[in-house]
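The values are calculated or read from the model by the stated rules, or taken from the named source; none is laboratory data. The model shown is predicted, which means the values in this text are computed figures rather than measured ones. As a convention, Cβ positions derive from the backbone with ideal geometry for all residues, glycine included, and neighbour counts pool all protein chains shown.
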């Protein structure tokens, strides 16, 4: 077999897959028809999960000048009345990063591609086209044609189809997309403000919920600004995309001498989800698996979560630390998450795209009442769900995103926790909790031996004794408070930063570890018994003592 994985497509999702594959030690081939990064911006927003994974692969500092925290969003009617507001969450930020960002896609994508060069196990082949991807019982076979027209077949354990919304691989396999009934034509216009221009533009993002033409204004990093205009039924996308028409549309806010047109593209915003995310040894990610309306800036985020969910699972299977059937949890976990997020984006789109005068008046009254009932507004990130099924225990806080506090390690270094633990399994212990028996079991366990696993034992600033590599002192107490609110003394965290499960006692934590080991091998764990006594022992601990 030539490779562990072949990644088809090198947009943001494919490039992240390549970085993660390298980080997890997978032999990977990345193939893309284009030799360069697409020069124009497409996605413009991502969230804290994406920034966290960019930090995990060492890119956070490199892209600083190309990203900016997302500003609040206001929804205004034809008469400019405020009817809805989505605020940015205030610090401290639970994941260590601002909840939402705007970014300039081309330089961020170039940084993602450049980072791949750090990984010797990843080969990049640009300017080549994948002609087919087929599965046999033992391997996948991918036929590739290079720039000179020479064709060859390479093999891999798995193929990751990151080949976009039109996905030739998906089309050849005849896989169906579920239509969530959203199909609206829009024109997206990006401009670069000239020096000193744009002072009178809105200082925050605005959704103009206007009957004549709904439109959106987004403040981008630096001098980048975006407008999105709904295309009216009597207009043709090719006509409205012409420079003269664009200048007339933007003239309401900005004279043409104040900006340079970066790009203008007409799109149909869809809400689609692939019904089958795996075809034998081929997995679908990003736009090949789903399309999300842009009204929550979650389109690219969805694809990044796909990569973050799948690659570590492929690595465990390759290493013999999980059964091949463990890969089925990819679809089980991602479809409900994508569906709920896509439906939330669709609902926001329905608010913006309403053209009927009477229904718009009802909408306005309803939203104004909601603002009066909740003056603080909606926090955007509260709309993004956790995991509800798959490789998680069946008790809270399973499925939640694990926080990332600023910590000081045993050597006195201060950094976000992921910098010390990376994308590993983590056993996290609340300050002051005696988990010595649990740690002894962990260190002697043959069942969990070899799994990438880190212990994070929180210690109070004044705690006496010599610090060990497992000890971390929090800077702001964020994680300790999170554990206390959830009534947990121990939590087990997956490599993609979702919580596998939490426990109050050592015995309960041992049962969670036992359940996790069984689930990796496709065996159903028992429901945790919620022990109240620390002297009780699980079957996991009993087995270790024999």
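Table for the structure above
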{"read-out": "Condition met for residue 18 (within 21 Å of the chain's Cα centre (by Cα) and closer than 23 Å to residue 147 by Cα)", "value": "yes"}
{"read-out": "Filter result for the condition that a residue is closer than 30 Å to residue 359 by Cα, part of a strand (DSSP E or B), under 31 Å from the mean Cα position of the chain (by Cα) and modelled with pLDDT of 95 or more, over 184, 228", "value": "228"}
{"read-out": "Hey, residue 393 at pLDDT 95 or above, under 15 Å from residue 497 (Cβ atoms) and in a loop (DSSP other than H, G, I, E, B) or not", "value": "no"}
{"read-out": "Residue check for residue 23: in the same structural domain as residue 295 (by TED's automatic domain parsing), over 14 Å from residue 106 (Cα atoms), touching a helix residue (DSSP H, G or I) at 6+ places or on another chain (Cβ under 8 Å) and in contact (Cβ under 8 Å) with a residue 40 or more places away in the chain", "value": "yes"}
{"read-out": "Failed criterion for residue 10 (all others in (1) more than 27 Å from residue 99 (Cβ to Cβ); (2) more than 18 Å from the chain's Cα centre (by Cα); (3) not in a helix (DSSP H, G or I) hold)", "value": "(2)"}
{"read-out": "Every pair of residues 6+ apart whose Cβ atoms lie under 7 Å, when the first sits in region 171-186 and is in the same structural domain as residue 340 (by TED's automatic domain parsing) while the second is part of a strand (DSSP E or B) and surrounded by fewer than 18 Cβ atoms within 10 Å (Cβ to Cβ)", "value": "172/132"}
{"read-out": "Restricting region 23-37 to residues that are closer than 15 Å to residue 159 by Cα and not in a strand (DSSP E or B), the residue that is farthest from the chain's Cα centre (by Cα)", "value": "27"}
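Conditions tested, residue by residue: (1) under 17 Å from residue 384 (Cβ atoms); (2) outside the structural domain of residue 351 (by TED's automatic domain parsing); (3) modelled with pLDDT of 90 or more; (4) in contact with a strand residue (DSSP E or B) (Cβ under 6 Å, 6 or more places away or on another chain).
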site	(1), (2), (3), (4)
14	no, no, yes, yes
34	no, no, yes, no
52	yes, no, yes, no
79	no, yes, no, no
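Results for (1) farther than 11 Å from residue 338 by Cβ; (2) assigned by TED's automatic domain parsing to the domain that holds residue 23; (3) in contact (Cβ under 8 Å) with a residue 12 or more places away in the chain; (4) crowded, with 23+ Cβ neighbours inside 10 Å, shown as yes or no for each residue.
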site	(1), (2), (3), (4)
283	yes, yes, yes, yes
295	yes, yes, yes, yes
298	no, yes, yes, yes
315	yes, yes, yes, no
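For (1) modelled with pLDDT of 95 or more; (2) outside any strand (DSSP E or B), each residue gets a yes or a no:
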residue	(1), (2)
267	no, no
273	yes, no
287	yes, yes
302	yes, yes
307	yes, yes
312	yes, yes
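Table: residues versus (1) closer than 15 Å to residue 490 by Cβ; (2) surrounded by fewer than 20 Cβ atoms within 10 Å (Cβ to Cβ); (3) free of Cβ contacts under 8 Å to residues at least 12 places away in the same chain.
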residue: 386; (1), (2), (3): no, yes, no
residue: 405; (1), (2), (3): no, no, no
residue: 414; (1), (2), (3): no, yes, no
residue: 429; (1), (2), (3): yes, no, no
